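See structure below.
The values are calculated or read from the model by the stated rules, or taken from the named source; none is laboratory data. Note that the structure is predicted; figures quoted are calculated from it, not measured. Here the Cβ positions follow ideal geometry from the backbone for every residue, glycine too, while neighbour counts run over all protein chains shown. Note: areas computed on protein heavy atoms with side chains; ligands, DNA, RNA excluded. Shrake-Rupley method; radii C 1.70, N 1.55, O 1.52, S 1.80 Å.
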Amino acid sequence: QVQLVESGGGLVQAGDSLRLSCGTSGSGRTLTPYSMGWFRQVPGQERKFVAVISRNGAITNYADFVKGRFTISRDNAKNTVYLQMNSLKPEDTAVYYCARGSLLPSTNPGAYEYWGHGTQVTVSS
């Protein structure tokens, strides 16, 4: 019954910034008890881990290819998770997915049961 919705994707130029948001819809269960992750996927490739944040936001982990450029955060009062993407590169072009994890943060897509439908991020050069 968990429905996640991503927003904020779009077309930007290399070096620009974009902020993705993830929230609930439908029954809208609280995300507070769960770690939350962001993943991305390019057609023909496997879904890759991007970032994860712990329940209270104290712990974050990033894929090497986004460290120093992307920041994951959450506002539990708003039941929303964010992915701030700076210094975007053409290779960041992908569909970005928000996913609800478990008690502890994980980089493994298999640790996430609920996923949004994704939001397209396209970075032109």
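Some values worked out for this structure:
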| item | result |
| --- | --- |
| Any chance residue 113 is loosely packed, with under 13 Cβ neighbours inside 10 Å, of a type in the set (Asp, Glu), out of contact with any Asp or Glu (no Cβ under 9 Å at 6 or more places or on another chain) and touching a residue at least 12 places away in the same chain (Cβ under 8 Å) | yes |
| Within segment 11-28, tally of residues that are farther than 18 Å from residue 66 by Cβ, surrounded by fewer than 16 Cβ atoms within 10 Å (Cβ to Cβ) and of a type outside the set (S, T, N, Q) | 3 |
| Those residues of segment 49-101 which are small (Gly, Ala, Ser) and free of Cβ contacts under 8 Å to residues at least 60 places away in the same chain, in sequence order | 51, 54, 57, 58, 63, 68, 73, 77, 94 |
| Among (1) out of contact with any strand residue (DSSP E or B) (no Cβ under 6 Å at 6 or more places or on another chain); (2) open to solvent by 50 Å² or more (accessible area, probe 1.4 Å), the one test that residue 54 misses | (2) |
| Of all residues in segment 80-95 being open to solvent by less than 30 Å² (accessible area, probe 1.4 Å) and over 12 Å from the mean Cα position of the chain (by Cα), the one that is nearest to residue 13 (Cα to Cα) | 88 |
